[in-house]
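Trainee: The following block contains the structure, expressed as structure tokens.
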Amino acid sequence: MYPASFEYHRATSVTDALALMARYGDDAKVLAGGHSLLPLMKLRFATPRHLIDIGRIAALGGITESGGSVVIGAMTPHTDVASSALVAARIPALSDAASAIGDVQVRNRGTIGGSLAHADPGADMPAVMLALGGQIAANGVTGERVIAADAYFTGTFTTSLGAGELVTQIRIPVPAMGSGSAYAKHPDVASGYAVVGVAALVTVAGGTISAARVALTGLAPFAARMPAVEAALIGGPATPAAVGKAAQAAGSGLDLFDDARGSAAYKANLAAVYAARALMNALARASA
Ligand code: FAD
């Protein structure tokens, strides 16, 4: 299948990309890794008349630590996130997630910014951003806006990114001392997308869980925090038994239904199992 014809523009800088986006408006789409956009164009679900390629903008690459956060350029491919020693040391949940995306080809071309802009309900990065309290920096013609992950995901394939805004950076605060993070997913066999994926961040102080953020992707219309699990963890003992018990609340509040991927009861069990796996690993890393 071939996409509808379009005009290709290679942006040379963020300013250039923003100018092109402003000029072509709704007739244009930004092209990052193309691993979500191009399949949609081939199926003619997306028919942009202008494609604005941001792949050669050096300022959109790189992984650094700055101001207490790990800062990742929007065009950074999943492979680079997965193999970053900085990410592995500071926010291992992100390494877990990036290394479990699709296959080698998808990880080599797909980008963290593209994944967050696309906001697929089965994508891995949204859950990690929610659990780690990440921020999405976006530039528009009026300047930069920083959006907390908690306010960013608003629906299926929908975010609070405005028209004409370009995701430029992902910023994830380095967790406090005594913290551990992890991501665990049950992938769809064909694509690798999450049937369920759970990201967890726990902070331990004096044998007690003093803070916890847990988020789920795959079993809901869009990635979301799991307040019942977080409430069950905070103030409780930092033991495998306690986190295993808290994980049992993972299915609560989800509107589950039977489909080709399994029954509602099976999915509720998957949520609890993968919440427990992520939490056990996060707890082990907090104690390491
Ligand atoms: P593109 O496809 O180029 O763009 C996607 C959308 O985001 C477009 O609308 C585009 O205009 C917009 N966009 C891109 N960058 C920006 C930006 N900086 N600012 C504003 N808008 C922007 N994902 C997972 O999470 N887990 C998986 O297991 C997984 N498996 C996959 C398996 C296959 C076979 C394929 C094809 C994809 C898979 N993906 C998976 C998706 C993959 O991670 C995509 O690459 C990602 O979702 C989109 O990133 P991209 O860079 O390819 O973006």
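The values are calculated or read from the model by the stated rules, or taken from the named source; none is laboratory data. Quantities reported herein were computed from a predicted structural model and do not represent experimental measurements. Every residue, glycine among them, receives a Cβ derived from its backbone with ideal geometry; neighbour counts consider all protein chains shown. Keep in mind that these areas ignore ligands, DNA and RNA; they rest on the heavy atoms of the full protein, side chains included. Shrake-Rupley method; radii C 1.70, N 1.55, O 1.52, S 1.80 Å.
Trainee: Would you give the gap between the C-alpha center of region 44-65 and the C-alpha center of region 161-206, rounded to a whole Å?
Mentor: 22
Trainee: I've got another one for you. Mind checking which of Asp96, Asp26, Asp53 has the largest fluctuation in a GNM of the chain, springs on alpha carbons under 10 Å?
Mentor: Highest fluctuation of the listed residues: Asp26.
Trainee: When the dipole is taken about the Cα centre of the chain, and only Lys, Arg (+1) and Asp, Glu (-1) are charged at their Cβ, what size is it in debye, to the nearest 20? Numbers along the way, then the final one.
Mentor: Working: 20 positive and 19 negative charges, 54 e Å.
It works out to roughly 260 debye.
Trainee: Which order do the peptides 187-198, 138-149 come out in when sorted by mean C-beta neighbours inside 10 angstrom, highest first? Kindly include the intermediate steps, with their values, before the conclusion.
Mentor: Details: 187-198: 19.2, 138-149: 15.3.
My ranking of the peptides, most packed first, is 187-198, 138-149.
Trainee: Leaving out same-chain residues fewer than 8 places away, which lysines sit with a Cα under 23 Å from that of Lys267?
Mentor: Lys185, Lys245
Trainee: Where in the chain are the helices, taken as whole DSSP H runs, whose Cα atoms extend 24 angstrom or more along the long axis and whose Kyte-Doolittle mean reaches at least -0.5? Before the final figure, lay out the partial values.
Mentor: Working: long enough: 264-287 (34 Å, 0.58).
Those that clear 24 Å and a mean of -0.5 are 264-287.
Trainee: Roughly how far apart, in whole Å, are the Cα centres of region 7-43 and region 84-144?
Mentor: Here the answer is 19 Å between Cα centres.
Trainee: On to the next question. Counting only Cα, what are the radius of gyration and maximum Cα-Cα distance Dmax of the chain, in Å?
Mentor: 19.0, 62
Trainee: Pop out the carbon and sulfur fraction of the accessible area of the chain as a percent, whole number, probe 1.4 Å.
Mentor: Details: 7110 of 12770 Å².
Answer for the chain: carbon and sulfur cover 56 percent of the accessible area.
Trainee: Shape of region 104-154 from its Cα gyration tensor (a ≥ b ≥ c, root eigenvalues): rounded if a/c is under 1.5, otherwise prolate when a/b > b/c, or oblate? If you can, show how the numbers build up before the last one.
Mentor: Values: a/c = 2.27, a/b = 1.36, b/c = 1.67.
Oblate shape, in that a/c is at least 1.5 and b/c is the bigger or equal ratio.
Trainee: So which trypsin sites (Lys or Arg not before Pro) in region 1-52 end up in coil per DSSP with only 14 or fewer other C-beta atoms within 10 Å?
Mentor: Values: sites: Arg10, Arg23, Lys29, Lys42, Arg44, Arg49; in loops: Arg44, Arg49.
Taking region 1-52 and a limit of 14 other Cβ atoms within 10 Å, the loop trypsin sites (Lys or Arg not before Pro) found are Arg44, Arg49.
Trainee: Hey, if you put +1 on the Cβ of every Lys and Arg and -1 on every Asp and Glu Cβ in the chain, which of Phe222, Thr111, Leu43 ends up farthest toward the positive end of that dipole?
Mentor: Toward the positive end, the furthest listed residue is Thr111.
Trainee: What shape does region 84-169 take by its C-alpha gyration tensor, where a ≥ b ≥ c are the square roots of the eigenvalues and a/c under 1.5 counts as rounded, a/b above b/c as prolate, and the rest as oblate?
Mentor: Working: a/c = 1.68, a/b = 1.51, b/c = 1.12.
Prolate, because a/c is 1.5 or more and a/b exceeds b/c.
Trainee: Would you mind telling me which residue in Gly235, Gly55, Gly114 has the biggest mean-square fluctuation in a Gaussian network model of the chain, where springs connect alpha carbons within a distance under 10 angstrom?
Mentor: With Cα springs under 10 Å in the chain, the top fluctuation among Gly235, Gly55, Gly114 is at Gly235.
Trainee: I've got another one for you. Using the reciprocal of the averaged 1/r over all distinct C-alpha pairs, how large is the Kirkwood radius of region 164-223 in Å?
Mentor: Over region 164-223, the inverse of the mean reciprocal pair distance is 13.8 Å.
Trainee: Test of understanding: in a Gaussian network model of the chain with alpha carbons linked when under 10 Å, which of Ser66, Ser210, Ser84 would top the mean-square fluctuation ranking?
Mentor: Ranking Ser66, Ser210, Ser84 by mean-square fluctuation puts Ser66 first.
Trainee: Could you sort the peptides 258-268, 102-112, 277-287 by per-residue average Cβ neighbour count (10 Å cutoff), highest mean leading? Intermediate results must be reported in sequence, preceding the final value.
Mentor: Numbers: 258-268: 13.2, 102-112: 18.2, 277-287: 21.6.
Answer by packing, highest mean first, reads 277-287, 102-112, 258-268.
Trainee: Here's a follow-up. From the Cα gyration tensor of region 12-87, with a ≥ b ≥ c the square roots of its eigenvalues, which class applies: rounded if a/c is under 1.5, or else prolate if a/b is larger than b/c, or else oblate? The partial results should precede the final answer.
Mentor: On the way: a/c = 3.25, a/b = 1.65, b/c = 1.97.
Taking the square roots of the gyration eigenvalues as a ≥ b ≥ c, region 12-87 is oblate.
Trainee: Return one whole number: the accessible area per residue of region 58-173 in Å², for a 1.4 Å probe. Write out the running numbers ahead of the final one.
Mentor: Details: 4240 Å² over 116 residues.
Here the residues of region 58-173 average 37 Å² of exposed surface.
Trainee: Kindly provide the helix-only [θ] at 222 nm of the chain, computed as the sum of -39,500 (n - 2.57) over DSSP H runs of four or more divided by all residues, to the nearest 500 deg cm²/dmol? Could you put the intermediate results ahead of the total?
Mentor: Numbers: 12 runs with 100 residues, N = 288.
About -9500 deg cm²/dmol.
Trainee: Please compute the volume of the convex hull spanned by the alpha-carbon atoms of region 179-287 and report it per residue in Å³. It would help to have the intermediate numbers written out before the result.
Mentor: Numbers: hull volume 8.9 nm³, N = 109.
Hull volume over Cα atoms, normalised by residue count, gives 81 Å³.
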